[in-house]
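A.B. asks: So that we are looking at the same thing, I have put the structure below in structure tokens.
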């Protein structure tokens, strides 16, 4: 297997390429998009672990999916599950050709979708749902059958609910063509697929030089930066360059320029040699090579001389690129183009930013290639049409430079910048403002990949003002709703959200809260534009010496509009009665009415509307069950709850019933027994032995609460075994995937454990304690008090508490 370029590789027959970056972020959910070229089948494998170079899916006994995109010879699409064919469809339109074609394959909880094109999820061709899905597949292997397969532009993308619509929306950020050809800038909808460098071919618009060709001295306009990035035309730095080519016929020059601007041209056999001579003169080396190859074909096959057919010359880059950039289908040297930008050679536009002065020098034709609005700005008679200067407002210099870097390199390289998130949002606004659809798509993809509980609010504040990001906005709202406790307590960013967005969140069907009190607190903080975190009690105290009008100001009406989103009837009865006697209840009529309604429901089990179908009296479908710590060794924890089949049956050790999985840092043995850690009997000797991780010694016990379950942990309990190896330094951690860990509580020189068989419990506080996790572990970070075996983690019982679902 030979690796050609950074993102271009060839897979030999019966081999498979595995790369570290070809991995789903979430097991069982992801999409791989790629270009492939093959004379036989294209084969993509999805499995739980990485295979070897000589891996072949026909010999794989582990769980996996295999998708086989049939060649032009059989035109079949196959899907195999663990080596057994489950789909064998003929003529579905997915077949390889003599050139690279773009495909995408997504897996979402067993739903396998396959299509053609650069962007998921356009051109969906086939879908199949596995009735017994493998939700553990995570690694992507690029394989082959009996002939070499070439792959390039391979990207693994994240998926989420509404992912089909979402990625369509990312692609729809482009301007779509209008049939009526309206030229108004305000209503400009020209699609980037119909707008390319060929639009500037022999066009006087934005040109800065002319060729004078033939005896008739015909003037042919061109653009210095494009020519110099494609070859060596020996142009001066002054405007109005004229290159005399009286000995060259116009069709020859036209063919050369068409090759440069459009990436392809046609010419008669008799004109082939003059074209070769001209391309050699100007050092357009891809065209020189193709002309030479065409001449050799004519020499080998004399009949071609008499065929009368035109010779087709087409540029095909083997370098990794993004479709739609200047490197796509054009013989342009991107490194040379970037050099022209950095030196300012042949630049014809100086870009100023209001209050910042001159920020960059660029080329109008490059800006116009990527942006129809820029092209119109420079050609429709606006002031920028007649001046080498443009002044932009409300644009950061960093965002402008990143935009130009993308235009001149074809890649968005901002991951290593100091303020990556802020810069990405500024770029998104800039790409939307100037209709740079390719940059818009890249920004959207990056936003989705870096979307987290901590970034969702800043993203929402930006995308809510961009119509083309509507579904990304909905995705962010869902992310916020599902992590409502964290997003409304980790920071006050949510206070700046507009009312529509905030209402969409608190009314979202996937709103996940540990208590309706959290919803009430968030609404009151948002309405009073709180400057620090507070609960309803603080607001009630402020109300004693204030009025609703002065406290909530311009958001007073929003209080009445948003309070019905709180399901007061789900609050504990004593808390509702306490709310009844507050200033909030007395001074805000909507608040008082809702509290009284909840009390009536609790006391009489009747609603104002006469039935329990009213949503305000129903538990949220995503609500957590509270498993509250009472005392050491109680039966209220999650591990005990799992042992009762979640409250349905008498207790059985949850490890034996496979409701819970527990692993240790050392292999299972007589004294390292996972099921002993959750048993209800005391164990005299129970420990996890040491191991080396990242060059450091450690020991740990890890709990997996189950694939379909999560816990927001607010308390945990440990019990010392019969030894005197008391722990002093350790961490309690949570993880979503069992690999990346977040500290929930750190213990340094904790002297709590001091006798054999002792119970000890600790609360978990802080913003991270509001996040749900599937995996938890206690990690020994320092030696115990036992000098003989200081790294044995000696506990015989563990229990977790909090909000569980």
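A.B. asks: For segment 513-617, what log10 I(q)/I(0) values come out of the Debye formula at q = 0.10, 0.20, 0.21 1/Å, with one point per alpha carbon and no solvent?
C.D. replies: So the normalised log intensities work out to -0.26, -1.03, -1.12.
A.B. asks: Here is a further query. To the nearest 0.05, what FRET efficiency results for residue 449 and residue 84 with a Förster distance of 35 Å applied to their C-beta separation?
C.D. replies: Numbers: r = 34 Å, r/R0 = 0.97.
Approximately 0.55, to the nearest 0.05.
A.B. asks: Note down the nm distance, to one decimal, between modelled labels 7 Å out along Cα→Cβ at residue 530 and at residue 736.
C.D. replies: It is 2.5 nm.
A.B. asks: Still on this structure, please answer the following. Which three semi-axes in whole Å describe the equivalent ellipsoid of segment 375-455, each the square root of 5 times a Cα gyration tensor eigenvalue, listed largest first? Walk me through the numbers before you get to the answer.
C.D. replies: Numbers: eigenvalues 145, 30, 26 Å².
Semi-axis lengths for segment 375-455 are 27, 12, 11 Å.
A.B. asks: Using alpha-carbon positions, what is the distance between the centroids of segment 391-410 and segment 513-533, in Å?
C.D. replies: 39
A.B. asks: Find how much the distance from residue 470 to residue 392 grows on full extension, using 0.36 nm per residue of separation minus their present alpha carbon separation; answer in nm with one decimal.
C.D. replies: Values: separation 78, 0.36 × 78 = 28.08 nm, distance 2.61 nm.
Stretched fully, the residue 470-residue 392 segment lengthens by 25.5 nm.
A.B. asks: Taking the Cα atoms of segment 197-314 alone, what are Rg (to one decimal) and Dmax (as a whole number) in Å?
C.D. replies: 14.6, 49
A.B. asks: Round to a whole angstrom and tell me the spacing of the C-alpha centers of segment 259-278 and segment 656-682.
C.D. replies: When both Cα centres are located, 75 Å separates them.
A.B. asks: Hey, rough spin-label estimate for residue 124 and residue 542, points 7 angstrom out along Cα→Cβ, what's it come to in nanometres?
C.D. replies: Distance between label points: 4.7 nm.
A.B. asks: Go ahead and collect, in residue order, the members of segment 560-588 whose backbone nitrogen is under 13 Å from a label point 7 Å along the Cα-Cβ direction of residue 614.
C.D. replies: 564-570
A.B. asks: Using 0.36 nm per residue of separation minus the Cα-Cα distance, give me the extension gain between residue 310 and residue 759 in nm, one decimal. Don't skip to the end; give the middle numbers.
C.D. replies: Working: separation 449, 0.36 × 449 = 161.64 nm, distance 8.82 nm.
Result: 152.8 nm gained on full extension.
A.B. asks: Here's something else I'd like to know. Give the calculated FRET efficiency between residue 236 and residue 215 to the nearest 0.05, with a Förster radius of 22 Å applied to their Cβ-Cβ distance. Could you put the intermediate results ahead of the total?
C.D. replies: Working: r = 25 Å, r/R0 = 1.14.
My answer for the efficiency is 0.30.
A.B. asks: Starting from the 7 Å offset along Cα-to-Cβ, what nm value, one decimal, do you get for the label separation of residue 708 and residue 352?
C.D. replies: Roughly 6.5 nm, to one decimal.
A.B. asks: Write down the Å³ per residue value for the convex hull defined by the alpha carbon atoms of segment 478-525.
C.D. replies: Values: hull volume 3.2 nm³, N = 48.
Dividing the Cα hull volume of segment 478-525 by its residues yields 66 Å³.
A.B. asks: Compute the angle between helix 334-343 and the longest alpha-carbon principal axis of the chain, please, reported from 0 to 90 degrees and rounded to the nearest 10.
C.D. replies: Roughly 90 degrees between the two axes.
A.B. asks: Could you give the length gained by full extension between residue 748 and residue 52, i.e. 0.36 nm per residue of separation minus their alpha carbon distance, to one decimal place? Don't jump to the answer; show the numbers that get you there.
C.D. replies: On the way: separation 696, 0.36 × 696 = 250.56 nm, distance 4.28 nm.
Residue separation times 0.36 nm, minus the Cα-Cα distance, leaves 246.3 nm.
A.B. asks: Using the Kirkwood radius built from alpha carbon pairs, what does the Stokes-Einstein equation give as D for segment 646-756 at 10 °C and 1.306 mPa s, in µm² per second? Display every interim value, and only then the final one.
C.D. replies: Working: Rh = 15.7 Å.
This corresponds to a translational diffusion coefficient of 101 µm²/s.
A.B. asks: Please report the antiparallel percentage of the DSSP beta bridges confined to the chain, to the nearest 5. Walk me through the numbers on the way to the answer.
C.D. replies: Numbers: 118 of 127 bridges.
So the antiparallel bridges amount to about 95 percent of the total.
A.B. asks: Give me the angle, in degrees from 0 to 90, between the Cα long axis of helix 437-450 and the longest principal axis of the Cα atoms of the chain, rounded to the nearest 10.
C.D. replies: Once rounded, one gets 20 degrees.
A.B. asks: Just for segment 197-314, what percent of DSSP beta bridges are antiparallel, to the closest 5?
C.D. replies: On the way: 9 of 14 bridges.
If we restrict to bridges inside segment 197-314, about 65 percent are antiparallel.
A.B. asks: Would you mind getting me the FRET efficiency between residue 296 and residue 415? Use the beta-carbon distance for r and R0 = 56 Å, nearest 0.05.
C.D. replies: Values: r = 45 Å, r/R0 = 0.81.
The pair residue 296/residue 415 has a calculated efficiency of 0.80.
A.B. asks: Follow-up. Give the peptides 511-517, 226-232 in descending order of average Cβ contacts within 10 Å, highest first.
C.D. replies: 226-232, 511-517
A.B. asks: Helix 397-409 against the longest principal axis of the chain: what's the angle in degrees, Cα atoms only, rounded to the nearest 10?
C.D. replies: The two axes meet at around 50 degrees.
Any read-out appearing in this document is the output of simple, stated calculations on the displayed coordinates, not a laboratory observation. The model shown is predicted, which means the values in this text are computed figures rather than measured ones. Counting neighbours? That spans all protein chains shown, and the Cβs are built from the backbone with ideal geometry, glycine included.
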